Every structure is written in C-alpha cells, then in structure tokens.
1. Give Ala429, Ala378, Ala382, Ala357 a once-over and let me know the one that is out of contact with any strand residue (DSSP E or B) (no Cβ under 8 Å at 6 or more places or on another chain), touching a residue at least 60 places away in the same chain (Cβ under 8 Å) and open to solvent by 20 Å² or more (accessible area, probe 1.4 Å).
2. Report, by residue number, each residue of region 452-494 that is surrounded by fewer than 23 Cβ atoms within 10 Å (Cβ to Cβ), among the aromatic types (Phe, Trp, Tyr) and within 18 Å of Thr415 (Cα to Cα).
3. For region 582-627, give me each residue that is within 23 Å of Arg541 (Cα to Cα), in a helix (DSSP H, G or I) and open to solvent by less than 30 Å² (accessible area, probe 1.4 Å).
4. Looking only at residues that are closer than 18 Å to Leu227 by Cβ and hydrophobic (A, V, I, L, M, F, W, C) in region 175-216, which one is surrounded by the most Cβ atoms within 10 Å (Cβ to Cβ)?
5. Any residue in region 76-105 that's closer than 13 Å to Leu56 by Cβ: show its pairings with residues that are assigned to a helix (DSSP H, G or I) and open to solvent by 50 Å² or more (accessible area, probe 1.4 Å) at Cβ separation under 6 Å, as long as the two are six or more apart or on different chains.
6. Please find, among Gly172, Gly161, the residue that is at pLDDT below 95, crowded, with 18+ Cβ neighbours inside 10 Å and not in a strand (DSSP E or B).
7. Looking only at region 483-499, decide whether some residue is modelled with pLDDT of 90 or more, in a loop (DSSP other than H, G, I, E, B) and on the phi > 0 side of the Ramachandran plot.
8. Output the number of residues of region 212-257 satisfying the condition of being in contact with a Gly (Cβ under 6 Å, 6 or more places away or on another chain) and hydrophobic (A, V, I, L, M, F, W, C).
Amino acid sequence: MTNETVQAAEMQPAETHAFEADVSRLLHMMVHSVYSDKTVFLRELISNAADACEKLRYEALSAPDLLGPDPVGNEARTQIAITLDPDAKTLTIEDNGIGMTADDMAEALGTIARSGTKAFMDRIAASSGSEGAQLIGQFGVGFYSAFMVASKVDVVSRRAGADTASVWSSDGLGTYTIAPIDTAEAPVRGTRVVLHLLDDATSYTERYTVERLIKDQSGHVPVPITLRETPDAEPVEIADGAALWTKPKSEISTEDYADFYRSVSGQFDEPALTLHYRAEGLHEYSVLAYVPGAKPFDLFDPDRNGRMKLYVKRVFITDDAEVLPRYLRFMRGLVDSSDLPLNVSREMIQESPMLAAIRKGVTGRVLGEFDKLATRDADAYAKIWENFGAVLKEGLYEDFERREALLKLARFKTTTSAGAWRSVADYVAAMKDNQTAIYYAVGTDLDRLEASPQLEGFRARGIEVLLLPDSVDGFWVTAGIDHDGKPFKSVTQGAADLGLIPLVDGAEAPTADTTPQVADFIAFVKTTLADAVSEVRASERLTDSAVCLVAADSGMDRQLERILAASGQAMPAAKPVLEINPRSALIAKLAALGEDETALREDAAHLLFDEAQIADGERPLDARAFSARLSRLFTRALG
C-alpha cells in the first residue's frame, strides 16, 4: 500500500476502536516476550491468506460470479502475492481470496472470539521460544504476530462481490481505526496486509531471507505464492500451490511432509507419524494425516474438536467435519474426497452416509498404522502413547466396534513393569496359575497407586496389576471389557479371591483366618462404624497394612465414584467395605483390650477407618473428631 493510499484513507471519516481486553494483553505479551523466533509471523500471515483463498473457492461453488477476474486478470485463479519494499521498509502480503467488510475487520482483527481464551492466555504468558510460536498457531490468533516485527500494520480489504473497500490500521498499542477507502486503491477482491517494519526487522525486505522462509514454512500451502523483491519488479513464483497430497509418495521428501504438517497443524514440532494414502473402490479419497510429536495444551478442552480438514476435489470445505472420532482428535491433516458433491452444505456433509463411510475407513487405517508401528518400532509407538494414550482410551468406552483393536493398542504401567509400558497381551502371557482375571487399580497418580495397601496380597503372589492413573480409566474399565474371555477386575472392589493362586517363594500368606479375639474385635468395629461402612471383614489382600477400604462387589469403583462426585454427576456415595488385616500386630493388640477399655476401642475403630480413608487419598469424614481422638490417644500413650 503506497503512502498516497494511506493518505487517501486518512481523508475519509475513520472510526477508532479499542482492542478487546484479551487482544491488548496478547499483543503486549507477543511484542515483549512470547517468541524468540519472530519469523513465525510470515507463516501465520500466509496461512491466513491461503485460508481466505480457500473460503472464496468454497463460496464460489454456489456463487461462481464471486471469482471474477483477479488482480492480474486470471479468471478463477487464487494466489498470494508478497512484495518487498526496502526503501519504504514495508513488507506486503496480498491475497485475492474472500476479503472482508468493515464489520468483518472489526470482528476478525479486534477480538478473539474463541472459547478457552483465558486458558490460552495463561499458558502463553508462561511460554517462550518454540512453544510460544506453537501456541499462537494452534489458537488461531496468528495475525497479531505481525506486531513483533512491525510498528504499524495496515489491512486493506474488499469483500468478493462488494462495491466498497475498507482500511484497518493499528500500531498494536491499544486501538485501531477502520475507514472506507477508494476501491481503486484496494484489491479487486481480497486482502492486502502491509507491515511497516521495525528498524531491527528490515531483513524481511531482503529477497533471500523472505524466499527462504516461504519455502521452509509455507512451501506447500494449496495456493500459489509469488514474490516481488521491489514494487516495480516482476513477480517470481515461489510456490506452485500444487496439493501435496495429490503427488506420488515417491516424489515427496521427509522435509516436504514435515513442512506441510507445520502448515496445517500450527505447530513447530516434528510429526511422530505420517500417514499418506489414496483409497479406491466404492469411495475414492486421499488422506494425508499426522500424529503430532508434542501434546497440544488444549487436548482435554471439553469444547475441542478434531483438526482434520475436509476437501472435495481439492476445494476446502470445512475443518469441522467429523472425519475422525473424538478419541483421535489429536490427529492433524486432511481428507480430500473425489465423490462428495461440491454443492452440498457443510451441515448436510456432516450427515452424509458417504462421509460416515470415509470416517470408518480412515479411522480403521489410522488404528492399523498404530498397530504396525507398535510392532515395527515399539519405542516410537510408546512416545505416541505417552502423549495421547489418555485420549485413545476414550475409545475403549465410546467405540464398541473398535474396542478390541484399541485394547490391543493400549499400553499400561504395572506393578511389575518398573516404569515400562506393557500391553494386555504381555500381561496375559505373564498371568499366574489359577489367575482368571486381569487386575487393575484406578487412581490419580502412579506413586499413590503403587503404594496402595490393596496391592499387598497381589504382590505376595507375584500377580501383576495394571496401574490406571487417567480420569478416563474409571469409565472404560466398567464397560464390560474382557480380553480372551478374561474380565478386568478392580483390586479395590469386592473380595480379593486370591486363595487359589500360589505365593511367591518366601512370601508369607495373607489369610482371612482369625482368632476368636480378633473376630470379636472385627464385629465390634462393624457395630461402631455402622453409619460409615457397609461391611467390616477380615482381609485376604493385606499383608502389612492394618486396614484398607474397598467397594462392595456390586458397588461402583471408588475412584469412578470420586470422579463423578467432582463433576456433580454422582449418585449418593455407597458406603465402603472396611477390610482388617487379622495378622496385623496392631490389630492383635487392639483386639486384646478388655471390656473396661470400650472408649479406647471405639476411638481405635474410628481411627482405623480414618487411616484407611487417608491411605485411599481422602480426608477423614470428621476432621475435628479425628483430631480429638488423636489427642486422647497421645495423652494415654504419654500418660
């Protein structure tokens, strides 16, 4: 945009607006601290321009006249033109895409209209370097990265089919202006972004620097890119806009795949897995999909959808189509269908049986590739599981059809794996004689799970137990899952039933056999705690601890009960079962107390229950009463 253009715009009545509070905060963080690598701004602006071209192509399906002649006279051609002006210290990125009205500008460039903005702000405030760059792209606010290199940004735009144009200007310090502009000074359609570069950013007017960045970061956007090294120079094509996914795999390098991954994902990491194929038969479509190498920070955002784009005959349709199930929402990439009709609405596409067939085929192929990788390179697959296993396990609960395939892919830390990942097949191969179930423990973190007193009897027999620390684990294990007829059974639910499994050499047998004295004490505890527990019984699973809590045979797993309670969905909590170790020296001494020590026995019963609560990660039911009982116990002990 020339100085005359800016002056013409300033002669028109301009409206001054304040940035939304979140935008002002974002701009401050971006200019002062977010990035160590400022080159991300060019990728973000080119990505926005490409999106505008794709949106035009989509809208032109129902309104072909929107295309019209473009600025260089080519019918129905979209492109991105970049112009360098070393004398004026400006860098211009122009597209002939859909363009914007003045209202569009105020909405798109003055606000952040996305859910989760606060979480994003909090995360980006603590980020730096490549992570900060990655977050900006992921959250769709990359336009503001221009202010890292520019003291002022002018945006001139004309909506396709409109007879008016507008200019948006800001120095990024808190306000922006929007004014009408003569259409002769605006693109025929589309948007021109002019960056007035800071003194330390003038290298972005050098052809070598800019051309290298375009090829490295944006070489595979599906829109041609041209470059002028001065406003009067002839444009040179830097990228041909050829769709990477339509090329034979033999012609695509690893670097090409990685470059395209970054352009579609908004991330700077290396993809952990690349899947590129063409499906033929009843339905024809191409797939280029990636598993990210790093975990997106909003992976568990409840409003978060997948990031797979849908094309039809290379025309971008939507990034909202459910190309993959939600438990594969971490995947990035696209599907390009040859069969879906171009003139169908996005809403109708969502309900299309053809899309359902594509979804089924792509999902099966992705899971198949995971299985191949797990066999071919267990370490590479373990990294994927480390990042996305908690999401994949959602499919065990939601996707009955693929449950067996997902269970085969699942990996677990166990009581015997020393921190390594184990498959269900590994577990079953190591099962003990007479073991009929796959045992698991659900909790909130691995350390607490490994220290659970409920595991003692299983360790005494060398029985491996799956340790399940993710929130979703409390749900999928209740879905009636089994492996080769062997059910999953919680170590904290129901009786242990371990009597038929032999002990490890040298282990001392847990036993439910009790002396009459201990039996009487257990009965006393049951009476004393009648309001808090459903049952008090001798334990087969404890070897060292005096007590533990478990759920009743027909009750809900205690961890799932806690998850539901935290989300406000729980039914009234079921009373737990208190198990007492009849071989514990402490229990023997308590059982030996005489009838004249009833008060002490009652305090002991309540304190044993509180001890079990604490070991289970909970607080005593009555903290004040707990403190009073401890005080009485200390007073007695210290006499």
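1. Numbers: Ala429 fails: touching a residue at least 60 places away in the same chain (Cβ under 8 Å); Ala378 fails: touching a residue at least 60 places away in the same chain (Cβ under 8 Å); Ala382 fails: touching a residue at least 60 places away in the same chain (Cβ under 8 Å).
That would be Ala357, the only listed residue that is out of contact with any strand residue (DSSP E or B) (no Cβ under 8 Å at 6 or more places or on another chain), touching a residue at least 60 places away in the same chain (Cβ under 8 Å) and open to solvent by 20 Å² or more (accessible area, probe 1.4 Å).
2. Phe488
3. The answer is Ile587, Leu590, Ala591, Ala604, Ala605, Leu607, Leu608, Phe609, Asp610, Ala612, Gln613.
4. If we take residues in region 175-216 being closer than 18 Å to Leu227 by Cβ and hydrophobic (A, V, I, L, M, F, W, C), then Val194 is surrounded by the most Cβ atoms within 10 Å (Cβ to Cβ).
5. Ile98/Lys55
6. Numbers: Gly161 fails: crowded, with 18+ Cβ neighbours inside 10 Å.
Gly172 is the lone residue from the list that is at pLDDT below 95, crowded, with 18+ Cβ neighbours inside 10 Å and not in a strand (DSSP E or B).
7. No, the conditions are met nowhere in region 483-499.
8. 2
The values are calculated or read from the model by the stated rules, or taken from the named source; none is laboratory data. Just so you know, these numbers come straight off a predicted model, no measurement behind them. Counting neighbours? That spans all protein chains shown, and the Cβs are built from the backbone with ideal geometry, glycine included. Heavy atoms of the whole protein, side chains included, go into the accessibility calculation; ligands, DNA and RNA do not. Shrake-Rupley method; radii C 1.70, N 1.55, O 1.52, S 1.80 Å.
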